[in-house]
Amino acid sequence: MNQPMLPAGTLQGQIAIITGGGTGMGKSMALTFAQLGAKIVVASRKLENLETTVKEIEAAGGEALAVQTDVRDPAQVANMVEQTKARFGGIDILVNNAAGNFVSKAEDLSPNAWNAVVGIVLNGTWFCTQAVAREMIARGRGGKMVNIIATYVWNGGPGTAPSAAAKAGVLSLTQSLSVEWAQHHIRINAIAPGPVATENTTRQLFGGGGLIERISKEVPLGRFGEVDEIANAAAYLVSDYAAYVTGTCLTVDGGSMLNKGYLKYLDKMPGKSV
Ligand code: HXC
Ligand code: NAP
């Protein structure tokens, strides 16, 4: 279990919904927020994964609820909000972490393939965001939201075009709504993780051909990120330590996005000045 970087009690009594909280980064966020004192709702399609997260939180003395939810379906999202209110009384925190992705040539994508990714990432984030914001506004106590995006929002993602397009849309939502809902004391930020080898991403993206070693060499810090490092960043953004932070994106990628330029070819270049 993660050792949170923030002091114990930082999220004491806060009620947090984390979509995709049964696996990978979402599970780490659920466990981390719970260790910091939050009451947790995890929501995704596979109930067995959600229930495992709940059991681990309860075993550590926390409180948690699993709500089977396909974020593409507004009725299921409404149920997620209702179940949360019924169990815990309100919502303080939402993390839009659920996502779907695969690598494919763009010309081979079927309409369904496009819709699957954009439906989960962009529509699903929107349905959860609006439903939870309505509840936060009605309750009048503000709230915090974090959207998990990816660094290819800024320069595209060849091979994962639907995900890059959808995540760019989520960044835009983050920016628009942070201003629109500031009057309701709702802070909305994003995190752009670099490569993190979770079970699903290893299967769908990074699994073969020594790819993890090869990609690691492109990361200035020389390695993939850990789920707990993303969870700690999310905990900061939903805590009062980030009380003046809204509408921004925290990149947690070991410097990958900035790894351009010619320094890495220096030893192959004829002269050291131009
Ligand atoms: C082309 C594909 C495909 C592939 C599925 N499809 N996989 N097309 N290449 N590899 C097509 C199917 O043929 C189908 O179209 C359509 O997509 C929907 O497929 P379903 O399996 O019915 O969809 P569904 O059950 O809704 O599953 C959604 C999914 C799946 C996205 C396809 O992979 C999933 O549930 N993933 C969740 C976990 C996940 O992806 N995690 C990774 C997150 S990492 P047809 O036309 O045949 O009906 C991430 C960022 C990484 O997001 C960033 C790295 C830098
Ligand atoms: P992951 O384990 O595959 O997490 C994705 C989660 O989304 C799963 O728990 C899945 O649960 C849930 N989900 C998928 N479709 C859903 C739907 N229709 N409704 C509700 N939930 C759904 O992958 P991860 O690596 O931890 O990714 C977490 C986040 O980080 C994602 O937003 C991803 O795009 C982002 N990210 C990851 C990386 C990386 O390298 N790993 C890099 C950049 C960004 P169910 O199957 O139970 O529904």
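Nothing in this text is a laboratory measurement; each read-out follows from the coordinates by a stated rule. Model, not experiment: these values are computed from the prediction. Heads up, the Cβs are rebuilt from the backbone with ideal geometry, glycines too, and the neighbour counts pull from every protein chain shown.
Structure data summary
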quantity	calculated
Ala60/Arg203 FRET efficiency (R0 22 Å; Cβ-Cβ; nearest 0.05)	0.20
Footprinting exposure proxy for Met269, Met257, Met25 (fewest neighbouring C-beta atoms within 10 Å first)	Met269, Met257, Met25
Candidate aspartates and glutamates for bridging to Lys260, where Cα separation is under 15 Å - those fewer than 8 sequence places away on the same chain excluded	Glu218
Under-5 Å amide H pairs with Ala190, H placed in peptide plane, nonlocal only	Asn147, Thr248, Cys249, Leu250
Label-point separation in nm, Val245 to Trp154, each point 7 Å along Cα→Cβ	1.6 nm
Percentage relative contact order, the chain, counting C-alpha pairs under 8 Å, at least six apart	18 percent
Lysines with Cα under 30 Å of Lys144, excluding same-chain neighbours fewer than 8 positions away	Lys27, Lys39, Lys46, Lys55, Lys85, Lys167
Dipole magnitude of segment 80-237, debye to nearest 20 (Cβ charges: Lys/Arg +1, Asp/Glu -1, about Cα centre)	320 debye
Exposure proxy ranking, count of Cβ atoms within 10 Å, fewest first, for Tyr152, Tyr244	Tyr244, Tyr152
For segment 13-56 versus segment 102-137, the gap between their alpha-carbon centres in whole angstrom	21 Å
Per-pair calculated FRET efficiency, R0 = 25 Å: Arg45 and Arg141 via Cβ, rounded to 0.05	0.25
Positive-pole candidate from Thr246, Ala98, Met80, dipole of the chain, charges at beta carbon	Thr246
Length-normalised contact order for segment 149-274 - Cα pairs under 8 Å, 6+ apart - percent	30 percent
Extension gain from His184 to Thr52, taking 0.36 nm per residue of separation minus the Cα-Cα distance	44.1 nm
FRET efficiency for Leu211 and Asn259, using Cβ-Cβ distance with R0 set to 22 Å, rounded to 0.05	0.85
Charge dipole (debye, nearest 20) of the chain; +1 at Cβ of Lys and Arg, -1 at Cβ of Asp and Glu	440 debye
